[in-house]
Amino acid sequence: QVQLVESGGGLVQAGGSLRVSCVASGSTFTYRATYWYRQAPGKERNFVAGINWRGDTTSYADSVKGRFTIFKDHAKNTTYLHMNNLKPEDTAVYYCAAGTSSYISTTNLPPYWGQGTQVTVSS
């Protein structure tokens, strides 16, 4: 079993930066790929970024490439999403997720999810 708890969301002006964190617990978390997804009001939940278990391979949605960075700290069991040059269209609830594989896969939604953290970007 994997439990995920996000933090770090908030209100930021367009062009600003924000970092959200995801602390995981569970005996096998270390060997799982982790992800960030987001869901805006009235829209479906979309993939934002993923990182493999070792932390040396990442994947990003086209809309955030060059602005967002996903990375992890194994010692803290934490996955981060650092967001630069934020835009109003980045406003959403950001969810951390963990998969069943060590490698990034977006074929199916991951089975483990956090409760989400709100990110609001004002124009």
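For segment 75-92, how many residues meet the condition of being under 22 Å from GLY16 (Cα atoms) and open to solvent by less than 70 Å² (accessible area, probe 1.4 Å)?
Of the residues in that region, 11 qualify.
When segment 98-116 is examined, which residues are found to be open to solvent by less than 20 Å² (accessible area, probe 1.4 Å) and assigned to a strand (DSSP E or B)?
Across segment 98-116, the qualifying residue is only ALA98.
Hey, any hits in segment 24-31 for a residue that's in a strand (DSSP E or B), open to solvent by 60 Å² or more (accessible area, probe 1.4 Å) and in contact with a strand residue (DSSP E or B) (Cβ under 8 Å, 6 or more places away or on another chain)?
no
Go through segment 1-44 and give me each residue that's without any contact (Cβ under 8 Å) to a residue 60 or more places away in the chain and of a type in the set (D, E, K, R).
Listed by number, the residues that qualify are LYS43, GLU44.
Going by the structure shown, is TYR95 open to solvent by 20 Å² or more (accessible area, probe 1.4 Å), out of contact with any strand residue (DSSP E or B) (no Cβ under 8 Å at 6 or more places or on another chain) and at negative phi?
For TYR95, the condition - open to solvent by 20 Å² or more (accessible area, probe 1.4 Å), out of contact with any strand residue (DSSP E or B) (no Cβ under 8 Å at 6 or more places or on another chain) and at negative phi - is not met.
Considering every residue within segment 41-49, establish whether at least one is in contact with a Gly (Cβ under 8 Å, 6 or more places away or on another chain), at pLDDT 95 or above and surrounded by 14 or more Cβ atoms within 10 Å (Cβ to Cβ).
no
Name the residue, out of LYS65, LYS72, that is surrounded by fewer than 12 Cβ atoms within 10 Å (Cβ to Cβ), more than 10 Å from the chain's Cα centre (by Cα) and either in a strand (DSSP E or B) or basic (Lys, Arg) (or both).
From the options LYS65, LYS72, the qualifying one is LYS65.
So which residues in segment 50-62 are among the β-branched types (Val, Ile, Thr) and either open to solvent by 30 Å² or more (accessible area, probe 1.4 Å) or in a loop (DSSP other than H, G, I, E, B) (or both), if there are any at all?
Once the filter is applied, which keeps residues that are among the β-branched types (Val, Ile, Thr) and either open to solvent by 30 Å² or more (accessible area, probe 1.4 Å) or in a loop (DSSP other than H, G, I, E, B) (or both), segment 50-62 yields THR57, THR58.
What is the residue count in segment 82-97 for residues that are hydroxyl-bearing (Ser, Thr, Tyr) and assigned to a strand (DSSP E or B)?
So the count comes out to 2.
Restricting to segment 75-97, and then to whatever is modelled with pLDDT of 95 or more and of a type in the set (A, V, I, L, M), can you tell me which residue is farthest from the chain's Cα centre (by Cα)?
Residue satisfying both the conditions and the ranking: LEU86.
The values are calculated or read from the model by the stated rules, or taken from the named source; none is laboratory data. Quantities reported herein were computed from a predicted structural model and do not represent experimental measurements. We place every Cβ from the backbone using ideal geometry, glycine too, and count neighbours over all the protein chains shown. Protein only, heavy atoms only, side chains kept; ligands, DNA and RNA dropped before computing areas. Shrake-Rupley method; radii C 1.70, N 1.55, O 1.52, S 1.80 Å.
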